[in-house]
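Participant: Handing you this structure, nothing more for now.
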Amino acid sequence: MVTISQQLESLHGALRALCVVQISPPAEDSAEAIYRAQMLECIAHRDIVRIVRALQTIQTDVRLREFEENYLAHLSRVYSDLGDLLDDNSAFSWLLVNSVEMERLRPVFIANVAALFAELLAAAGLRGHYSRARRSSPESACLVVSELAAELDAWLRRQPKVREESITDWLLYQLTERASWIKYYQFPRHEEARESGADWEWWLISDRESFGMRVQAKNLCGHDDSYPQIAYANRHGLQIEKLIEAARRFNVLPLYALYYTSPTSPTVRCHDPSDDAGPYAVFLTDAILVHQKYVLKGRQRITSAQLLADSCPLACLFCCAAEARDNAAPFVGKVFEFIRRYFAAAANVVPGLHEQPPPYVEALLQATEDEVPTWISTEFGERLRNVSAVLTFDLRTPSR
């Protein structure tokens, strides 16, 4: 008899296959290469439905039937005949595919399956048994972030007023737990917000370039009016203005990370809410745009829906980066283009791109898992005086 653990392993593999297709389109534009990618995706969808149906007989604590109905409804918009898609004996030879809908809905499939996977792990008590992702790749970044977003969404539903500092600490720690190629170093909390109010500095590292962001977190749950959060000020001035000033000084992109959950999918820049995508929980928006649109105009009521409408889910930063026009571009370059496409205030000049990461990021990348580079805060104290943590995504090609 196949156990829940074995079914979850299979579901995880199918989810990874979807991420591979999304992030790694065919290197060649030949009909054969495109066909192979489509077949990989067909098999993944068929496996997901088969696993969900099998789990319905042994796992009753998760809404599997509701998931199946929603998933099949989305699949029917992509494939001409669900019978052929789900037939174990089908070779998919005559299956008609709506390529436009496939591209548009694939991030939705990934988000929904990642949410289901996280819920199943929690219900089976197996979350801590999963090994860390050791291969750095765009598709594994998509997978890790999607799964964490689903878990965070469940937490926010139970405890909507949890402080953003607690959420951020959990998020950064869990990222390093799920992937060995993600690292972070936390600085003393009392330094935070003294000048810039940045929660953390975040670097994406590839073989050719690096991309830096400075991120301030806000939990939108439980707030009817978010203006006091966005226009927060202390004796050093407006937090958002200090964030933008520091980001401009050090050539990184100033962002807000918005924590939010809702029974329905919110309207965002890169998704149609009618797609009913899985929970995202973490949304990124341009701090410069927020400052121009809301803070400079003075006191006004700001709803969560308004802020989210100018945001993109964190998972989309990785799962949707394949939308970049140049499929041969390095992954960080695709993320850069994604930001240029969806963040209005950064449309002309997007800060944050560097040929080499700064020295303290290099030091963190070279440190072993057991080595805590405590000297970083002393050596680079002036540069990191107002940063509470440095997070790195090492997406470089592993050396052989």
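Participant: What distance in nm separates the two pseudo spin-label positions at D224 and E355, each 7 Å out from Cα along the beta-carbon direction?
Facilitator: Rounded to a tenth, the inter-label distance reads 5.5 nm.
Participant: Residues with beta-carbon under 11 Å from that of E68, excluding E68: net charge, scoring Lys, Arg +1 and Asp, Glu -1? Spell out each step's value before the answer.
Facilitator: Working: positive: R50, R53, R63, R65; negative: E66, E69.
Neighbourhood net charge equals +2.
Participant: Can you tell me what share of the DSSP beta bridges in segment 171-301 is antiparallel? A percent to the nearest 5 is fine.
Facilitator: 65
Participant: Calculate one ³J(HN,Hα) per residue across segment 204-217 by plugging θ = phi - 60° into the Karplus curve 6.51 cos²θ - 1.76 cosθ + 1.60, and present them in order as whole Hz with x for glycine and proline.
Facilitator: Per residue, the Karplus-derived 3J(HN,Hα) values read 9, 10, 10, 5, 10, 7, 9, 10, x, 9, 10, 10, 10, 9 Hz.
Participant: Still on this structure: Sorted by packing (mean other beta-carbon atoms within 10 Å per residue), highest first, where do 282-288, 232-238 land? Can you show the working numbers first?
Facilitator: Working: 282-288: 24.1, 232-238: 12.6.
In decreasing order of mean packing, 282-288, 232-238 become 282-288, 232-238.
Participant: Just subtract the alpha-carbon distance of T3 and L72 from 0.36 nm times their residue separation and send over the number in nm, one decimal. Kindly include the intermediate steps, with their values, before the conclusion.
Facilitator: Numbers: separation 69, 0.36 × 69 = 24.84 nm, distance 2.43 nm.
Stretched fully, the T3-L72 segment lengthens by 22.4 nm.
Participant: May I pose another question? Here are some pairs, K161/K297; K242/K293; K218/K293; K161/K218; which of them have Cα atoms lying more than 20 Å apart in this structure?
Facilitator: Details: K161/K297 28 Å; K242/K293 17 Å; K218/K293 17 Å; K161/K218 11 Å.
Distance filter (> 20 Å) returns K161/K297.
Participant: Would you grab the residues whose amide H sits under 5 Å from the one on I302? Only those 5+ places off in sequence or on another chain, please, with H modelled 1.01 Å from N.
Facilitator: S226, Y227
Coordinate-derived values only; no laboratory data. Because the structure is a prediction, the values reported are computed rather than measured. Positions of Cβ are generated from backbone atoms using ideal geometry, with glycine treated the same way; all protein chains shown enter the neighbour counts.
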